[in-house]
Amino acid sequence: MPNENGTHMNLTHELKASSSRSSFHQSIPMSDPDVKEIKGNEGVRILRPDSALGLASGTGSEEAGAVAAIRMPMLQGYNFKGGTPELVETCYAILVLVLPSANSRNWSYPEMEIVEVVADQVAVALSHAAVLEESQRMREKLSQQNHVLQQERKNAMMASQARNSFQKVMSNGMKRPMHSILGLLSVFQDENMNFKQKTIVDTLVKTSSVLSTLINDVMEISAKDNGRFLLDMRPFSLHSMIKEACCLAKCLSVYKGFDFEVGVQSSLPDQVIGDEKRTFQVILHMVGYLLDINSGGETVLFRVLQDVGSQDKDKINVWRSSTQDNYLHLKIEIDIRGGSSVADASVSTKNFSSEKRNKDEIKESLNFTMCKKLVQMMQGNVWISTNSVGFAQSMTLLLRFQIQSYVQRTMFAAGNSERSNSYSRFRGLRVLLADDDDINRTVTKKLLEKLGCEVTAVSSGFECLSAVSHAENSFRIVVLDLHMPEMDGFEVAMRIRKFRSRNWPLIIALTASAEDHVRERCLQIGMNAILQKPVLLQGMADELQRVLQRTGEGI
């Protein structure tokens, strides 16, 4: 039989194994003249007495008789994998037959014909065995691959279950309660309060809003593979945001035993466009991180100024634009000074992506990675400065905001002037509210009642359909949570639109998702508006007003 490399013929099968052989597996090179002649021709060949092939196939020490040999075509697995016979090289084995030495005779013609028949049968048997052997190897290989795939599938299912469990815990344990808190705080904001009370409530609203945004970001990152989410770009007061951030930073610093000093450049523009909540979130993270890794008794220096871009051009090279005059490059520096751990220590700038020198340097934790991702999405940069022994001493944040033009400020102010704290225009408006969460349903009902609406609240899609179907219930507005068990908001809206007109009743969807496909599906079904959670008092009033005006029922 030919070996794997095709260089030698090995003696692999023997009818009577000789005990005198030192090794069963004898071989002869393919270049042997007899081997070449037999492989190149059909029929039986009678070998010479001194033939190497005959001697290798003999019975050892005994003198062998006449030796006959014939080629046998061998089939392999690749013969059944397609292609034409001309393109498949035929593999041959050699069948060698030796007459007993006692019979001093040659092979007769009838015997050689029998040899040819036997060779065909042996070739079939050996080919069959070779194919079965290769098939067995393939089955074993496929079995191993299937085992690996099954394990990978199991791991993927476990990861998916873990992600779903995390999403469920975050939604039920943090997201929904935070939405309810924000809804109630928006009611308090509408009450008549003194300055101190208003400051406390506004601070609670700001911190709760930042925490709600952080929870949403964590859930959105865990649900997506690309780890990206949409920024909430809108006009806001930069001076007000900085003031609130300084107040919270001072409270945290004093609580941790630090003194606090602040310096804000007076010439900073006020009205800018950007993601206020996530900027606030990044600032609080910077303050909290530095306070956690430093001991008390030191001073926190909080500085806000406009970056001229000269010494930091190499760090923010994405800010090259012909309209740079319309943008504010803001630098926020938070520095820890005055402690023994950082006194008289030289400071070296360090990027977040560099390797840590010791255990006290910056760590790539989940919240730190998110913080860096947020800053990069806002076309900015953030880095840490350490002293000579590797302790974090300061953090610097660079962000870009679009400066709100006079026309934009005028339009924004005009839009705000249309709002009125008087909600008498909604008095008597019949609203049906459907939400399966008891707390959120109670809070949303309070918001609508605060606006003067007459509210009927139900806890499921079936109850919502039942309430709408009664003739005596002439609800003008249906506020519908999209994610309810058994029958979700999409199914409820489809059934309502199947039997009612598009403008009666008006349907407002409540959802925590900001995905475009959710909004498109709502509009395709026939919903009139989508209100993103958390639902606040003014946001509910604005949405009701827009929906009624859009249908020509201004109130």
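The values are calculated or read from the model by the stated rules, or taken from the named source; none is laboratory data. Fair warning: this is a prediction, and the values are worked out from it, not measured in the lab. Positions of Cβ are generated from backbone atoms using ideal geometry, with glycine treated the same way; all protein chains shown enter the neighbour counts. Side chains included, ligands, DNA and RNA excluded: accessible areas come from the protein's heavy atoms. Shrake-Rupley method; radii C 1.70, N 1.55, O 1.52, S 1.80 Å.
Tabulated data for the structure shown
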quantity	calculated
For the range 430-553, accessible area per residue (1.4 Å probe, heavy atoms of protein chains only), Å²	45 Å²
Under 5 Å, built H, 5+ apart or other chain: amide partners of L328	F401, Q402, I403
Protein accessible area in the range 430-553, 1.4 Å probe - carbon and sulfur %	49 percent
Order by protection proxy (mean Cβ within 10 Å, highest first), peptides 137-144, 431-438	431-438, 137-144
Extension gain, L149 back to E111 (0.36 nm per residue minus Cα-Cα distance, nm)	8.1 nm
Gained length - R521 relative to R337, 0.36 nm times residue gap less alpha-carbon distance	60.8 nm
Carbon and sulfur %, accessible surface of the range 96-180 computed with the full protein complex present, 1.4 Å	58 percent
Of K498/K533; K198/K250; K198/K446, pairs whose Cα-Cα distance is over 23 Å	K498/K533
